[in-house]
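A short reminder: the numbers here are calculations on the coordinates, not readings from a lab. Being a predicted model, the structure only gives us computed values, none of them experimental. Quick reminder, even Gly has a Cβ in these numbers, built from the backbone with ideal geometry, and neighbours come from all protein chains shown.
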Amino acid sequence: MHSHHFTRRMPDWRAVVIAGCVAGAVFLVLELLGIWFAGQSPWGAPRMIAAIAVGRGVLTQPPTFEVGIVLVALAVHFVLSVIFTLILAVIIAPFSFDSSMGMASLAGAVFGATVYLVNFYGMSHVFPWVADARSWVSFVSHIAFGLIAADTYLRLERKEGASSSGTGAIR
């Protein structure tokens, strides 16, 4: 049994960025599939995300495809994905939640559910339009994001003290 007490360990930044992008991409696919199955426009969600950066004016336009809106939404989405994965790694690394795939998965799933609650119930006070996107599909997508971010991070992480010829390099 591995002890999960606090030890001073920094996350692996390379693994954070890659895991954040991978989890963010899977999250996008799950969200778009959920929107598609619900019969809604896939261009409403990018407008909601882009509005975080450029203001709510983009929400007054019909939910149609616009390259600029989609690019801003993708930039915001992936920056947030990496930031959330960094927060997760800052939790995983010092508490040794990376001691097993099961522990990392549990930490990731709980983290994903927490991010959903913060995004859709906390941040809706700052960005009220995100409350319109609350759904079971989004909840499941957030849990999947946390799982994938944690598991990808675990697979890519180079732990301190690992040899450069083995699974990681000394940082």
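A compact table of results
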{"item": "Estimated [θ] at 222 nm from DSSP helical runs (n ≥ 4, -39500 (n - 2.57)) normalised by residues in the chain, nearest 500", "result": "-20000 deg cm²/dmol"}
{"item": "Paramagnetic reach from Leu80 in region 34-50 [backbone N under 16 Å; point 7 Å along Cα→Cβ]", "result": "35, 43-50"}
{"item": "Size of charge dipole - region 13-156 - debye, nearest 20, with Cβ of Lys, Arg +1 and Asp, Glu -1, no other charges", "result": "100"}
{"item": "Residue (of Ile143, Ile49, Ser96) at the positive-pole extreme of region 13-156, dipole from beta-carbon charges", "result": "Ile49"}
{"item": "Of Ala104, Ala19, Ala53, the one that fluctuates the most in a GNM where the chain has Cα springs shorter than 10 Å", "result": "Ala53"}
{"item": "Estimated FRET transfer efficiency (Ser100, Leu71; beta-carbon r; R0 30 Å; 0.05)", "result": "0.15"}
{"item": "Mean separation of Cα contacts under 8 Å, 6 or more apart, over the residue count of the chain: relative contact order %", "result": "32"}
{"item": "From the coordinates shown, semi-axes √(5λ) of the Cα gyration tensor in Å corresponds to which of (i) 33, 19, 13; (ii) 33, 16, 14; (iii) 25, 21, 15", "result": "(ii)"}
{"item": "Dimensions (Å) - region 54-127, Cα atoms, principal axes, largest first", "result": "48, 25, 17"}
{"item": "Ordering of 21-32, 67-78 by packing [mean C-beta count within 10 Å, highest first]", "result": "21-32, 67-78"}
